[in-house]
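Working notes, beginning with the structure itself.
The values are calculated or read from the model by the stated rules, or taken from the named source; none is laboratory data. As the structure is a prediction and not an experimental result, all values here were calculated from the model. Backbone-built Cβ (ideal geometry, glycine too); neighbour counts: all protein chains shown. Areas reflect the complete protein model, heavy atoms only, side chains present, ligands, DNA and RNA absent. Shrake-Rupley method; radii C 1.70, N 1.55, O 1.52, S 1.80 Å.
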Amino acid sequence: MRRRRILAAGGVLAGTVVTSVASRSPDEHDLVSAARHPGSGDEPETNTESILPNTDHETTLYEIDAPRDGPTAMIFGGVHGDEYNGIDVGHEIAEGWYPDAGTLAVVPETDRVAVENDEREGIDGDLNRHFPVDGDPESELARGVWEAVERHDPDVVLDLHRSLGIYGVHRQYVGQAIFHSSDARGDELAAALNDAVPWYLPMHRFVARESHLSGPLLFHKAARELDAVAYLFETTSFLFDRETKNEMTRVMTAALLERHGLLEAEGKR
Amino acid sequence: MTVSLRRALTAPATIATYLLLVVPLALGWLKTSLLSPLALPGYLIYVIGTAIGNVFASRLAFWVYWIPFFAGCYGVAVVVGYGYELLRERFLTASNDEPRR
Ligand SMILES: [Zn+2]
């Protein structure tokens with residue numbers, strides 16, 4: 001009798017495990033698939049260029065030009081070399097995302113040495129602390145990256161990151177958050193992302209926070225000096241595997257491109 | 001009309017509660033897409049546990065918290081099992097007290 005009851009309890013547990021964390025609202029799912037499918041009309045044109053060619057830091061920037069005019073967005077992955085979501089999704093974008101308007105520039109492995117070593121920091125330390133308020137970028141890599149940013153003069157900048165814990169729950173971590181400049185669509189994007197977070201993981205809901213922009217971070221400098229609408233995105237490793245983090249990153253990126261006029265939802269094409 | 005500790009430790013309600021707290025979250029740890037609404041109670045215990053632990057040991061990796069989580073969930077399960085057995089005992093005693101017809 002006892003054994004049978006225990007088995008029954010186990011069976012109930014096993015039987016109900018069917019839902020998926022990566023399941024999204026239809027809207028945001030549409031945005032990711034819209035990004036992956038070329039719209040009608042001409043195909044976008046992709047060009048590549050090198051940042052810091054013939055140095056240890058040499059890394060590729062992919063520029064995808066949509067058939068229609070529009071804003072320029074720059075996306076960075078791998079500013080921290082062990083944060084795979086930005087690197088994985090950066091490569092996916094370079095290989096098969098199709099903006100409907102404007103120009104999409106993506107650097108999947110911004111600190112390539114750090115990426116290759118599978119470490120947060122590269123040769124000169126933490127790249128995302130090399131963009132001080134007063135003065136020039138503080139390392140060779142930071143100068144190379146900043147030159148590319150100035151050359152492309154983006155309207156929107158998105159820097160993709162990953163935290164280990166949860167913002168507001170684990171003191172020193174900032175997971176599942178969007179930090180942004182004052183003119184950004186942070187709350188809307190957080191709401192869009194939260195459609196992808198299941199109700200039964202309430203602590204994993206995204207928060208949007210306006211940043212004071214006075215720090216040495218790449219997105220701070222882009223907002224300060226180029227007046228770009230700038231975002232820093234953080235998903236979390238806390239209970240989330242690589243695929244789930246990547247999906248959060250994809251949804252964020254596609255939703256951002258749509259909000260800033262580079263992408264149209266599938267139905268509106 | 002008491003419940004022995006030994007009975008509370010192994011009562012079916014104890015074991016069922018333990019499985020409910022631990023299994024759905026552990027599945028999600030293996031693969032996030034295996035998380036389901038059943039994981040919510042374990043999820044809350046785990047998140048609160050890591051939040052408290054994080055205040056005192058901010059550099060401790062989160063996987064370490066699975067050990068106190070497993071232990072803590074068993075503690076919760078024993079309390080639930082004890083309560084359940086106590087209620088059952090009372091109910092049985094009450095029905096035995098009824099006059100036979
Ligand atoms: Zn980072």
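Annotation note: of B:Leu92, B:Leu86, the sole residue that is surrounded by 14 or more Cβ atoms within 10 Å (Cβ to Cβ), at pLDDT below 95, in a helix (DSSP H, G or I) and over 12 Å from the mean Cα position of the chain (by Cα) is B:Leu86. Does A:Leu141 qualify as being farther than 20 Å from A:His212 by Cα and within 16 Å of the ligand (Cβ to nearest atom)? Here the answer is yes, as A:Leu141 does meet what is asked.
Determine if segment A:84-98 includes at least one residue that is part of a loop (DSSP other than H, G, I, E, B) and either under 21 Å from the mean Cα position of the chain (by Cα) or modelled with pLDDT of 95 or more (or both). Can you show your working first?
Step one: of segment A:84-98, the residues part of a loop (DSSP other than H, G, I, E, B) are A:97-98.
Still in the list and also either under 21 Å from the mean Cα position of the chain (by Cα) or modelled with pLDDT of 95 or more (or both): A:97-98.
The answer is yes, given that some residue of segment A:84-98 is part of a loop (DSSP other than H, G, I, E, B) and either under 21 Å from the mean Cα position of the chain (by Cα) or modelled with pLDDT of 95 or more (or both).
Note on segment A:168-190: among residues that are surrounded by 21 or more Cβ atoms within 10 Å (Cβ to Cβ) and among the hydroxyl-bearing types (Ser, Thr, Tyr), the one that is nearest to the ligand (Cβ to nearest atom) is A:Tyr173. Does segment A:74-82 contain any residue that is away from the ligand (no atom under 11 Å from the Cβ) and either more than 12 Å from the chain's Cα centre (by Cα) or open to solvent by less than 30 Å² (accessible area, probe 1.4 Å) (or both)? Yes, there is a match, as at least one residue in segment A:74-82 is away from the ligand (no atom under 11 Å from the Cβ) and either more than 12 Å from the chain's Cα centre (by Cα) or open to solvent by less than 30 Å² (accessible area, probe 1.4 Å) (or both). The residues of segment A:225-244 that are open to solvent by 30 Å² or more (accessible area, probe 1.4 Å), touching a residue at least 60 places away in the same chain (Cβ under 8 Å) and either in contact with a Phe, Trp or Tyr (Cβ under 9 Å, 6 or more places away or on another chain) or at positive phi (or both), listed by number, are A:Ser237, A:Arg242.
Reported count of residues in segment B:53-66, each being of a type in the set (A, V, I, L, M, F, W, C) and either buried (at least 20 other Cβ atoms within 10 Å of the Cβ) or part of a helix (DSSP H, G or I) (or both), is 6.
Collect the residues in segment A:144-165 that are part of a loop (DSSP other than H, G, I, E, B) and either more than 15 Å from the ligand (Cβ to nearest atom) or open to solvent by 10 Å² or more (accessible area, probe 1.4 Å) (or both), keeping them in residue-number order. Full working, then the answer.
Let us first name the residues in segment A:144-165 that are part of a loop (DSSP other than H, G, I, E, B), namely A:153-155, A:164-165.
A:Asp153, A:Pro154, A:Asp155, A:Leu164, listed by residue number.
Taken over segment A:167-184, residues that are of a type in the set (S, T, N, Q) and on the phi > 0 side of the Ramachandran plot amount to 1.
Say whether the condition of being more than 12 Å from the chain's Cα centre (by Cα), facing chain A (nearest Cβ under 10 Å) and without any contact (Cβ under 8 Å) to a residue 60 or more places away in the chain is met by at least one residue in segment B:61-81. Scanning segment B:61-81, I find at least one residue that is more than 12 Å from the chain's Cα centre (by Cα), facing chain A (nearest Cβ under 10 Å) and without any contact (Cβ under 8 Å) to a residue 60 or more places away in the chain, so the answer is yes. Looking only at segment B:7-52, residues that are part of a loop (DSSP other than H, G, I, E, B), open to solvent by 50 Å² or more (accessible area, probe 1.4 Å) and more than 8 Å from chain A (Cβ to nearest Cβ) come to 0 in all.
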